[in-house]
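Engineer: This is the structure I want to talk about, given as structure tokens.
We did not get these values from a lab; they are worked out from the coordinates using the rules stated. Remember, predicted model here, so these are calculated numbers, not experimental data. Cβ: placed from backbone, ideal geometry, glycine included. Neighbour counts: every protein chain shown.
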């Protein structure tokens, strides 16, 4: 079968795109991935997505988006995209042991937070461990929080947390921040922010929720424990673009180079969401980007038929 559009990815961008393309009567296939749903599947309560005044669990929000796309007859494959061929049309997308052909593609594979790689970090993710202060800071009102990292993102996260938490400790493996000077000045001037220099997190403590961290000083090897209610990992994101290398233009960080809102350098291949957004990284902005990509695909296919 030749699809009108294949959407690679099933987070807010991919599923919103699927709602729009399938509702426009385009034959739509979503290559959703084995672990479908994107980063919101790791999030407990989402309070900043419009339309849910009482909040909604991340997995429940994604399940609703998927059901909405299926209502308009979008098809789903729950395999990871293993390869793509954009060198000629129809485009080819390999998932599982099958090759699917399509007239257009929307890439919505997102970006993954870089994690520390600790077992305790994985176990407590969504239970006090987070990668987004903008999303989760409000849950830690008048509590203690830790931010791991020393760049712009880490300092921005720490500053955002001070609006809610009573104390924020920035853990950094070096003895000075890498963030731009104006952010450093704000952080050093904020009485709520403390620093654990030359330190790395060895373990996140707690059984059912975060209760503290075990630190190691990289200079003298000494270990210590610090009580905290939350740990925010802010050591960067990695766009999920490995399978697109050599197929479309990527920047030096691996993000897809965007032209005119949603277009790549390959005609007929569009993008939406965190795979090209390294600034906002919110579910609602990703959904909006998926909408734009879908509408541009519809216009592209109308022109290509003529």
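Engineer: Using a Förster distance of 30 angstrom, determine the FRET efficiency expected from the C-beta separation of residue 82 and residue 184, and round it to 0.05.
Structural biologist: 0.10
Engineer: Quick check: pseudo-label points 7 Å beyond the Cα along Cα→Cβ at residue 166 and residue 207, how many nm apart are they?
Structural biologist: Distance between the two pseudo-spin positions: 2.5 nm.
Engineer: If I fit a long axis through the Cα atoms of helix 12-23 and take the longest principal axis of the Cα atoms of the chain, what angle between them do I get, 0 to 90°, rounded to 10?
Structural biologist: Between the helix axis and the principal axis of the chain, the angle is about 20 degrees.
Engineer: Further, regarding this structure: Want the number for residue 257 to residue 57: 0.36 nm per residue separation, take away the alpha-carbon distance, what's left?
Structural biologist: That pair, residue 257 and residue 57, stretches by 68.8 nm at full extension.
Engineer: Right, another one. What is the Å³ per residue value for the convex hull set by the Cα atoms of the chain?
Structural biologist: Value for the chain: 141 Å³ per residue.
Engineer: Taking the Cα centroid of segment 193-259 and of segment 62-108, what is the distance between the two, rounded to the nearest whole Å?
Structural biologist: About 31 Å separates the Cα centre of segment 193-259 from the one of segment 62-108.
Engineer: Another question, if that's okay. If I take every Cα pair under 8 Å that is 6 or more residues apart in the chain, average their sequence separation and divide by the length, what percent do I get for the relative contact order?
Structural biologist: 21
Engineer: Cα convex hull of segment 188-246: how many Å³ per residue?
Structural biologist: So the per-residue Cα hull volume is 175 Å³.
Engineer: Stretched out fully, how many nm does the piece from residue 245 to residue 47 gain, at 0.36 nm a residue minus the Cα gap?
Structural biologist: Net length gain for the segment: 67.7 nm.
Engineer: Now for a separate question. Nearest 10 degrees is fine. How inclined is helix 283-305 to the longest principal axis of the chain, computing both from alpha carbons?
Structural biologist: So the helix axis and the longest Cα principal axis differ by about 20 degrees.
Engineer: What order do you get for 6-18, 125-137, 247-259, 266-278 when each peptide is scored by the mean count of other beta carbon atoms within 10 Å, highest first?
Structural biologist: Taking the mean over residues of other Cβ atoms within 10 Å, the ranking is 6-18, 266-278, 125-137, 247-259.
Engineer: If you take the square roots of the eigenvalues of the alpha-carbon gyration tensor of segment 1-132 and sort them as a ≥ b ≥ c, do you get rounded (a/c under 1.5), prolate (a/b over b/c) or oblate?
Structural biologist: Verdict is oblate for segment 1-132.
Engineer: Can you tell me what share of the DSSP beta bridges in the chain is antiparallel? A percent to the nearest 5 is fine.
Structural biologist: Bridges in the chain are about 45 percent antiparallel.
Engineer: Still on this structure: Can you tell me the 0 to 90 degree angle between the C-alpha axis of helix 58-71 and the longest principal axis of the chain, rounded to 10?
Structural biologist: Taking Cα atoms only, the helix is inclined about 10 degrees.
Engineer: Computed from the mean reciprocal separation of all distinct C-alpha pairs, what Kirkwood hydrodynamic radius does segment 172-306 have, in Å?
Structural biologist: In segment 172-306 this quantity evaluates to 18.8 Å.
Engineer: In terms of the Cα gyration tensor, with a ≥ b ≥ c the square roots of its eigenvalues, is segment 119-233 rounded because a/c is under 1.5, prolate because a/b exceeds b/c, or oblate?
Structural biologist: Since a/c reaches 1.5 but b/c is at least a/b, the shape of segment 119-233 is classed as oblate.
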